[in-house]
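Worksheet: the structure to be examined is printed underneath.
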């Protein structure tokens with residue numbers, strides 16, 4: 001019998017990750033200035049709370065089960081996610097920034113869920129099944145923003161590579177949207 005207590009934080013982390021869709025939705029419904037203001041405010045608040053959490057000044061019991069081991073004594077992926085959203089919105093146009101942030105918010109948790117549930121083959125420390133889920137879902141997300149042809153496929157490949165390799169060097173919450181946006185700018189106009 002499977003241990004559901006161990007799976008619950010993992011599922012909650014995935015759902016929390018998907019809640020990141022809120023930032024690109026705000027951007028799509030308002031304007032760049034509003035999206036930057038909301039995202040910058042979220043970065044400042046998250047940085048403040050993370051600093052207090054890491055220093056042990058505040059307890060955030062509801063967050064504890066969602067943290068990866070490396071995040072318990074350092075910044076969580078949430079802060080990196082918000083910083084990457086801010087950079088992506090600041091540097092790229094609405095369509096590219098929104099699509100890139102949606103790739104992170106949808107494809108990253110989906111790949112983790114698929115990989116943990118059905119992953120059998122290892123690929124650079126991750127599962128081939130999770131990586132495949134990331135690639136296919138990023139293709140779908142980018143296609144929803146009317147990116148087409150070889151540029152669409154190459155941008156999805158770049159996003160997948162960012163997810164597959166960046167966690168060894170830097171948090172993928174930071175790299176996925178930025179690399180996706182750079183590849184869309186260069187390949188999929």
* Structure fact -> Listed by first then second residue, the pairs whose first member lies in the range 41-67 and is under 14 Å from residue 81 (Cβ atoms), whose partner is assigned to a helix (DSSP H, G or I) and at pLDDT below 85, with beta carbons under 7 Å and at least 6 positions apart or on separate chains, are 46/78; 66/9; 66/12; 66/13; 66/16
* Hey, does the range 8-21 have a residue that's assigned to a helix (DSSP H, G or I), out of contact with any helix residue (DSSP H, G or I) (no Cβ under 7 Å at 6 or more places or on another chain) and at pLDDT 90 or above? -> no
* Do the conditions hold for residue 186, that is, is it over 17 Å from the mean Cα position of the chain (by Cα) and surrounded by fewer than 21 Cβ atoms within 10 Å (Cβ to Cβ)? -> yes
* Counting residues that are modelled with pLDDT of 95 or more, which helices (runs of 4 or more DSSP H) fully inside the range 71-158 reach at least 2? -> 77-91, 94-102, 128-144
* Could you tell me which numbered condition residue 39 fails, if it satisfies all but one of (1) more than 15 Å from the chain's Cα centre (by Cα); (2) modelled with pLDDT of 95 or more? => (1)
* Condition met for residue 163 (closer than 29 Å to residue 75 by Cα, over 16 Å from the mean Cα position of the chain (by Cα) and modelled with pLDDT of 90 or more) -> no
* Go over the candidates 112, 143, 158 one by one and state the one that is farther than 28 Å from residue 34 by Cβ and more than 13 Å from the chain's Cα centre (by Cα). => 158
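The values are calculated or read from the model by the stated rules, or taken from the named source; none is laboratory data. On a predicted model such as this, the values are computed, not experimentally measured, just so you know. In this analysis, Cβ positions are derived from the backbone assuming ideal geometry, glycine residues included, and neighbour counts consider all displayed protein chains.
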